[in-house]
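Before any comments, here is the structure.
The values are calculated or read from the model by the stated rules, or taken from the named source; none is laboratory data. Quantities reported herein were computed from a predicted structural model and do not represent experimental measurements. Note that we place each Cβ from the backbone using ideal geometry, even for glycine, and neighbour counts take in every protein chain shown.
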Ligand SMILES: [Zn+2]
């Protein structure tokens, strides 16, 4: 599989200051996140309320709260599913897309990630945009639109990657997973 779409899925950090007036964000300040698609690349900008009133040609926008994020390592240490997700995303391997998606759904169920929007990529794949509740990062995840028979295989792989045993003792979250038709 090609790597030409690799830029589609990424973790984008929240800016520390407004991309308009450059005023530093305060802890718990309301801000507005914008996702742009420009020259084949996704970029994220964050604006204070005042600057968000200007017109921006954004693809997606959502309101959020700025939090001074804890160091990523601290968040990751506690979270097996999350550390695996970050590891797979950093590898940038198309082969991992399905596992990445399953891990994302698990974190969404744990309310660690919140879905903010869905978009189509240039090659018409479904791109889901999540926000990390503790760090404010945006996670851009390609939905592999798994079929039921593929799902079982991917789930088994994820269980193995998480250090579990296949076919038994699968984490509850995996067994509950449903696929949108
Ligand atoms: Zn501003």
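So in segment 36-53, with the set limited to residues that are farther than 16 Å from residue 66 by Cα and more than 12 Å from the ligand (Cβ to nearest atom), which one is modelled with the lowest pLDDT?
Restricting to residues being farther than 16 Å from residue 66 by Cα and more than 12 Å from the ligand (Cβ to nearest atom), the top hit is 40.
For a quick check of your reading of the model, give me the residue pairs whose first member lies in segment 35-59 and is in a loop (DSSP other than H, G, I, E, B), whose second is surrounded by 19 or more Cβ atoms within 10 Å (Cβ to Cβ) and at pLDDT below 90, with beta-carbon atoms closer than 8 Å and at least 6 apart or on different chains.
As it stands, the answer is 59/42, since those pairs meet every condition given.
Answer yes if at least one residue in segment 74-82 is touching a helix residue (DSSP H, G or I) at 6+ places or on another chain (Cβ under 8 Å), within 16 Å of residue 140 (Cα to Cα) and modelled with pLDDT of 90 or more, and no otherwise.
Yes; the residues of segment 74-82 include at least one that is touching a helix residue (DSSP H, G or I) at 6+ places or on another chain (Cβ under 8 Å), within 16 Å of residue 140 (Cα to Cα) and modelled with pLDDT of 90 or more.
Return the only residue of 115, 22 being at pLDDT 95 or above, surrounded by fewer than 19 Cβ atoms within 10 Å (Cβ to Cβ) and touching a strand residue (DSSP E or B) at 6+ places or on another chain (Cβ under 9 Å).
115
Would you confirm whether or not segment 125-132 contains a residue that is over 30 Å from residue 164 (Cα atoms), within 16 Å of the ligand (Cβ to nearest atom) and in a loop (DSSP other than H, G, I, E, B)?
Within segment 125-132 (the criterion being over 30 Å from residue 164 (Cα atoms), within 16 Å of the ligand (Cβ to nearest atom) and in a loop (DSSP other than H, G, I, E, B)), the answer is no, since none of the residues qualifies.
More than 9 Å from the chain's Cα centre (by Cα) and closer than 24 Å to residue 32 by Cα: which single residue out of 117, 123 fits that description?
Of 117, 123, the one residue that is more than 9 Å from the chain's Cα centre (by Cα) and closer than 24 Å to residue 32 by Cα is 117.
Scan segment 134-166 for residues that are surrounded by fewer than 16 Cβ atoms within 10 Å (Cβ to Cβ) and touching a strand residue (DSSP E or B) at 6+ places or on another chain (Cβ under 7 Å) and jot them down.
Of everything in segment 134-166, just one residue is surrounded by fewer than 16 Cβ atoms within 10 Å (Cβ to Cβ) and touching a strand residue (DSSP E or B) at 6+ places or on another chain (Cβ under 7 Å), namely 145.
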